[in-house]
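Chemist: Below you will find the structure I want to go over with you.
The values are calculated or read from the model by the stated rules, or taken from the named source; none is laboratory data. These numbers come from a predicted model, not from an experiment. Cβ placement follows ideal geometry from the backbone for every residue including glycine, while neighbour counts extend to all protein chains displayed.
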């Protein structure tokens, strides 16, 4: 453990007591936010680095080498083929994580948690041992569970025939932060041409509890939208507006050669009158004209409060501009030139012909990207977009590295 970070190496040993060759399959729980950095497996002492698959629980194993894959909901699964009877299989998984932290009157408490608990009957672990080194960032105090011992800043736990009923937790009490921001450096690997990098962490101010979303929605109404895509996009906007409550604010614009309001022209609180005005206006729309995407997004951004960094522009369409700024970098530059700077921008690509690559480039670092194929997917995508829009946001961040 180093400050509010931890690097974990889990070494598991299995014995094959059967009489036939088998394909071994194992699962391991990960703490929230853990990043897997390495995986090795082998028979006996012959450990070798193995393949880490993509984060896709539906991708089948198509290789004979040991493979570690994402298993969803905080789990990874590994597979090892051709394990002979009497073999001892060793598996090593390495991961890193940021640790949860909370402030106290005396300082800061960070928590390291190794997942052991389960909703089902836990298996017996023949020999379990854990070693947690806290000496790099000496804490004021250490608290640990399962009867672990602490000696010179190292937490040790060793148990035989262990049936865990709770996670193994270690809490460190650290001195108060000397500054509101903390800087961490990560050295580069020998083959990494990008070199080392720094990461800065800071606490965000507490958001207002009753504050809702602030959305300026742009629906592409140009002729590039075919009937099916336009119906899906219109369905998404309707579903999103219907899901908003009285604490939320919204304005909806149609975008073709020039932006025009769909419902009220100015952003305002969502009440039944505003909701009805938008839905009624959506009903009579038909796609026509050219598409000036940059102009429409700028008009939507201008309707947001420049002092509110949480406001979000949401584009809904196929992402194919035909006039004005034609590339994502040009549209981003246009938004950045505004007096208030670039707003948060999210995008919902609609239909099979949508420019997903272009829209991803447009919103990268600014907001979420979603996709809707047809009207049936509109409600689920609207709920996901709203959840992203409600994430607290801090604007005007300035970083001084001296």
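Chemist: Is it true that residue 137 is within 30 Å of residue 298 (Cα to Cα), surrounded by 13 or more Cβ atoms within 10 Å (Cβ to Cβ), in contact with a strand residue (DSSP E or B) (Cβ under 6 Å, 6 or more places away or on another chain) and touching a residue at least 60 places away in the same chain (Cβ under 8 Å)?
Modeler: Numbers: within 30 Å of residue 298 (Cα to Cα): no; surrounded by 13 or more Cβ atoms within 10 Å (Cβ to Cβ): yes; in contact with a strand residue (DSSP E or B) (Cβ under 6 Å, 6 or more places away or on another chain): yes; touching a residue at least 60 places away in the same chain (Cβ under 8 Å): yes.
No.
Chemist: Tell me which residues, restricted to segment 372-400, are within 18 Å of residue 313 (Cβ to Cβ), outside any helix (DSSP H, G or I) and touching a helix residue (DSSP H, G or I) at 6+ places or on another chain (Cβ under 8 Å).
Modeler: 372, the sole residue that qualifies.
Chemist: May I pose another question? Could we say that residue 131 is within 32 Å of the chain's Cα centre (by Cα) and assigned to a strand (DSSP E or B) here?
Modeler: When the stated conditions are applied, residue 131 passes them.
Chemist: Among residues belonging to segment 300-331 that are within 23 Å of residue 372 (Cβ to Cβ) and either under 23 Å from the mean Cα position of the chain (by Cα) or not assigned by TED's automatic domain parsing to the domain that holds residue 364 (or both), point out the one that is surrounded by the fewest Cβ atoms within 10 Å (Cβ to Cβ).
Modeler: Ranking the candidates gives 328 first.
Chemist: Follow-up. Would you check if there is a residue in segment 246-260 being over 24 Å from residue 325 (Cα atoms), in a strand (DSSP E or B), touching a residue at least 24 places away in the same chain (Cβ under 8 Å) and within 32 Å of the chain's Cα centre (by Cα)?
Modeler: So far as segment 246-260 goes, yes, one or more of its residues are over 24 Å from residue 325 (Cα atoms), in a strand (DSSP E or B), touching a residue at least 24 places away in the same chain (Cβ under 8 Å) and within 32 Å of the chain's Cα centre (by Cα).
Chemist: Which is farther than 30 Å from residue 134 by Cβ, part of a loop (DSSP other than H, G, I, E, B) and out of contact with any strand residue (DSSP E or B) (no Cβ under 9 Å at 6 or more places or on another chain), of 178, 210?
Modeler: After applying the criteria, what remains is 210.
Chemist: Still on this structure, please answer the following. Being surrounded by 13 or more Cβ atoms within 10 Å (Cβ to Cβ) and under 23 Å from the mean Cα position of the chain (by Cα), is that true of even one residue in segment 192-201?
Modeler: yes
Chemist: Could you tell me whether segment 152-173 includes any residue that is crowded, with 17+ Cβ neighbours inside 10 Å, closer than 30 Å to residue 236 by Cα and either at pLDDT 80 or above or not assigned by TED's automatic domain parsing to the domain that holds residue 298 (or both)?
Modeler: Checked segment 152-173: no residue is crowded, with 17+ Cβ neighbours inside 10 Å, closer than 30 Å to residue 236 by Cα and either at pLDDT 80 or above or not assigned by TED's automatic domain parsing to the domain that holds residue 298 (or both).
Chemist: Report yes if residue 278 is under 19 Å from residue 347 (Cα atoms), in contact with a helix residue (DSSP H, G or I) (Cβ under 8 Å, 6 or more places away or on another chain) and either at pLDDT 90 or above or in a strand (DSSP E or B) (or both), otherwise no.
Modeler: no
Chemist: Need at least 1 residues that are modelled with pLDDT of 85 or more and surrounded by fewer than 16 Cβ atoms within 10 Å (Cβ to Cβ) per element, so show me which strands (runs of 3 or more DSSP E) inside segment 20-75 make the cut, counting only ones lying wholly within it.
Modeler: In segment 20-75, 22-29, 35-43 are the strands (runs of 3 or more DSSP E) which contain 1 or more residues that are modelled with pLDDT of 85 or more and surrounded by fewer than 16 Cβ atoms within 10 Å (Cβ to Cβ).
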